[in-house]
Amino acid sequence: MRRILGSLAVALSCVAAGVVLLSTTPAHAATVTVGANREILVDGQPFLPIMQWLQSSSRIAYQKGLGINTFVGNGGGDTSAEYLAECQAQGVWCVMDPGDMSVSGHGSLLGWIFGDEPDLDSNQTEPATLLTQYQTIKAADPSHITFMTLTSGFFSEMDPPTWMNGDRSRYLEYPNATDAVGFDLYPLYGWCQPDWLYRVGASHEELASTYAPTRATYQWIECVRTSSQWCDLSERLPDDGPYPEEVRNEVWQAIAHGATAIGYFTHSWECPDYTQFCLSPAQETELTRTNGQLTALTVPILSPRYEQTVTVTPATTARVDSTAKRVGAEVYLFAVNVERSAVDVTFTVPGLLAGSSVEVYDEARTLTSTGEAFTDTFESLGVHIYVVQVGAGPEPDGGTGGSGAAGGGTGTGGSGAAAGASVAGPGEGPSEGCSRPRLVARGARPIAGSPVQPHAGVRRARPSLP
């Protein structure tokens with residue numbers, strides 16, 4: 001196993017009980033916690049971090065325009081205070097190295113990030129060591145959460161790091177030493193395997209259900225114009241990185257399987273040299289669209305699963321991943337075709353009345369149900385989001401929600417009140433009169449950068465691939 005480095009252009013809109021939009025800089029340090037649905041809460045309101053890894057402060061303003069709301073790690077020569085000041089100026093959040101906790105009272109601080117990939121062979125950090133660090137951080141700053149990024153060595157279809165001797169039990173302990181736990185897999189950028197795209201969702205399902213059922217979970221998504229220096233996907237040249245539709249598919253796979261935050265890896269050593277940010281114009285356009293939807297749909301994404309079982313029936317043996325979330329009288333159904341071929345899919349939603357109109361979110365079209373079911377067509381790697389009326393349900397309570405865990409599968413799970421307002425950036429006030437987003441693409445602006453210290457494992461030997 002090896003690890004490779006890991007003002008929105010749309011009018012972001014309120015959903016259900018509404019979202020809170022960017023406005024002024026924060027007046028006080030936020031209190032950040034993890035709620036009952038594993039959602040991250042900022043001053044009690046649900047927040048879905050859309051993260052960038054290790055960027056210089058000069059890039060923050062531009063990448064905020066792509067829908068990034070959280071910057072993880074200080075990717076330049078700034079002090080922690082200087083980096084946070086730029087985050088504050090741009091109205092975004094930062095996750096910082098706990099080596100400098102003098103900034104714990106800063107209004108743009110979301111939390112602290114542990115050293116990258118403690119499970120890596122070159123690190124071999126025991127969970128007990130991290131637990132001690134966690135306790136030290138929380139004692140010094142109980143108002144913010146911690147983030148820990150692992151390799152994908154916990155996943156049953158990947159090999160665990162060599163030092164674990166085939167024993168994955170440590171992965172049951174790592175989440176106890178953090179509030180939010182995440183990982184990366186990078187099927188194209190890191191492993192040169194387009195056929196592994198389905199592993200993004202499958203691996204997140206294992207993390208969220210088996211290893212970290214009570215923690216916020218996140219996944220780093222490959223979004224780079226090129227592949228890594230270890231890959232040569234010649235059939236994709238001149239740019240051999242993931243296609244925009246693959247990036248989108250990976251994001252929604254992770255969401256369908258329980259991710260409560262999303263991060264992007266945008267570094268390249270072949271653009272033509274090293275840079276922290278190497279995206280094609282088409283990738284930037286897709287990032288803007290997808291991030292706009294993630295932000296606008298924060299409330300349903302972080303709400304409990306629908307208390308009824310939604311059945312997903314593809315017309316073929318194709319795999320279509322989904323999750324269903326209730327917000328009041330509406331059920332939001334997030335569905336992802338993991339296959340590289342089109343497929344017709346029938347969804348059966350208990351409580352849906354015959355002849356009801358089903359909104360296909362952000363696609364300017366509706367479907368009509370037959371009984372409790374409706375059918376739609378998915379293109380290759382297609383993603384659809386449906387809004388279904390099912391009658392009165394729990395009202396949004398503006399907080400943690402009920403006991404059901406947000407996650408993947410076919411929509412089963414616990415019931416409870418849906419989350420209310422959501423947070424998009426520090427120092428916000430409630431928004432009014434919002435509507436669902438209609439997205440406007442941005443043009444690309446390539447940005448050069450100086451090499452910074454990469455994540456651990458970036459220069460490990462290329463593995464033998466099946």
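Which ones in the stretch 223-246 are among the aromatic types (Phe, Trp, Tyr) and farther than 19 Å from Leu381 by Cα?
Trp230, the sole residue that qualifies.
Under the condition of being over 23 Å from the mean Cα position of the chain (by Cα) and open to solvent by less than 40 Å² (accessible area, probe 1.4 Å), which residue from the stretch 135-159 is nearest to Pro46 (Cα to Cα)?
Checking each candidate, the answer is Asp141.
For the condition at pLDDT 95 or above and open to solvent by 10 Å² or more (accessible area, probe 1.4 Å), what is the one hit in Val383, Val388?
After applying the criteria, what remains is Val383.
Can you tell me which residues in the stretch 318-360 are open to solvent by less than 10 Å² (accessible area, probe 1.4 Å), farther than 18 Å from Ser380 by Cα and among the hydroxyl-bearing types (Ser, Thr, Tyr)?
Thr323, Tyr332
So which residues in the stretch 167-190 are crowded, with 24+ Cβ neighbours inside 10 Å and among the acidic types (Asp, Glu), if there are any at all?
Hit for the stretch 167-190 is Asp184, nothing else.
For the stretch 38-68, which residues satisfy the criterion of being within 21 Å of Ser80 (Cβ to Cβ) and open to solvent by 10 Å² or more (accessible area, probe 1.4 Å)?
Selection gives Trp53, Leu54, Ser56, Ser57, Ser58, Ala61, Lys64.
Run down Thr295, Thr313 and say which single residue is more than 23 Å from Leu41 (Cα to Cα) and of a type in the set (S, T, N, Q).
Exactly one residue qualifies, and that residue is Thr313.
Go through the stretch 203-304 and tell me which helices (runs of 4 or more DSSP H), entirely inside it, have 2 or more residues that are modelled with pLDDT of 95 or more and hydroxyl-bearing (Ser, Thr, Tyr).
Fully inside the stretch 203-304 and qualifying: 281-296.
Against the condition among the charged types (D, E, K, R), over 24 Å from the mean Cα position of the chain (by Cα) and open to solvent by 50 Å² or more (accessible area, probe 1.4 Å), how does Glu126 come out, does it pass?
In short, yes.
With respect to Asp43, is the statement that it is of a type in the set (D, E, K, R) and at positive phi true?
Here the answer is yes, as Asp43 does meet what is asked.
Please indicate, with yes or no, whether at least one residue in the stretch 90-100 is in a loop (DSSP other than H, G, I, E, B), at pLDDT 95 or above and crowded, with 24+ Cβ neighbours inside 10 Å.
Yes: the stretch 90-100 contains one or more residues that are in a loop (DSSP other than H, G, I, E, B), at pLDDT 95 or above and crowded, with 24+ Cβ neighbours inside 10 Å.
What number of residues within the stretch 294-317 are over 19 Å from Ala216 (Cα atoms), surrounded by 24 or more Cβ atoms within 10 Å (Cβ to Cβ) and in contact with a Pro (Cβ under 7 Å, 6 or more places away or on another chain)?
Going through the stretch 294-317 one residue at a time, the tally reaches 1.
One residue is enough: does the stretch 368-375 have a residue meeting the conditions touching a Lys or Arg at 6+ places or on another chain (Cβ under 6 Å) and buried (at least 20 other Cβ atoms within 10 Å of the Cβ)?
So far as the stretch 368-375 goes, no, none of its residues is touching a Lys or Arg at 6+ places or on another chain (Cβ under 6 Å) and buried (at least 20 other Cβ atoms within 10 Å of the Cβ).
The values are calculated or read from the model by the stated rules, or taken from the named source; none is laboratory data. All of these numbers come straight from a predicted model, not from anything done at the bench. Cβ sites come from the backbone with ideal geometry, for glycine too, and all protein chains shown count toward neighbours. With ligands, DNA and RNA removed, areas are computed over all heavy atoms of the protein, side chains included. Shrake-Rupley method; radii C 1.70, N 1.55, O 1.52, S 1.80 Å.
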